[in-house]
Each structure stands twice: as C-alpha cells, then as structure tokens.
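Right, one structure below, let's go through it.
The values are calculated or read from the model by the stated rules, or taken from the named source; none is laboratory data. Only a predicted model underlies this, so the values are computations on that prediction, with no experimental measurement involved. Using ideal geometry, Cβ is built from the backbone for each residue, glycine included, and neighbour counts are taken over all protein chains shown.
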Amino acid sequence: EAPKPDPNKELALRVKRALEGDGKVLAEQIDVTAKDGRVSLWGTAPTDGERNRAAQVAARVQGVTSVDNQLKVVKGS
C-alpha cells in the first residue's frame, strides 16, 4: 500500500508554490513549514513590505488557518 501524502507537507508545498508564483516575493529565500493548517515562514526578506506580502500570499492559500511569520528583514537579502 502506498504511503498517504502528508497533509502538512502538501500544504507547505502549496504555500511555497504560491510564493514562487507571486512575482513580488523572493520565494527562494523563504522556507515553509505547516502543521494542522498553521503555516510558518522562515528565512529573510529584503523589506518589511515584502515580509508582509509573503504572509498575505500564504494566508490566501486554501487550507491555511494562520500564518506565523518568522521572516527576518535583511537589507539586500
């Protein structure tokens, strides 16, 4: 029997894809973890605006119930 897909990994992957598709977010600087609908963003963003946008993009993904934005603003990241 094939292993069932991990819903947390599936959700993290969907959020990562949404970030990659946004165009205004440097998704390669961001790691995503998920647990029961709660998504955490880790990594760096070059500005406060981009940090906030990443959280907004993540929050719009179906299945996300909350976003824990752990992104650090690092100028020039």
*asked:* Among the listed residues Ala34, Ala59, identify the single one that is closer than 14 Å to Leu13 by Cα, surrounded by 14 or more Cβ atoms within 10 Å (Cβ to Cβ) and touching a Pro at 6+ places or on another chain (Cβ under 9 Å).
replied: Ala34
*Within segment 37-56, count every residue that is touching a Ser or Thr at 6+ places or on another chain (Cβ under 7 Å), polar (S, T, N, Q) and exposed (fewer than 14 other Cβ atoms within 10 Å of the Cβ).*
0
*Give the residues of segment 48-77 that are modelled with pLDDT of 95 or more and among the hydrophobic types (A, V, I, L, M, F, W, C), sorted by residue number.*
Ala54, Ala55, Val57, Ala58, Ala59, Val61, Val64, Val67, Leu71, Val73
*Would you please name the residue that is nearest to Lys75 (Cα to Cα), looking only at residues in segment 1-26 that are modelled with pLDDT under 95 and either small (Gly, Ala, Ser) or in contact with a His (Cβ under 7 Å, 6 or more places away or on another chain) (or both)?*
Gly23
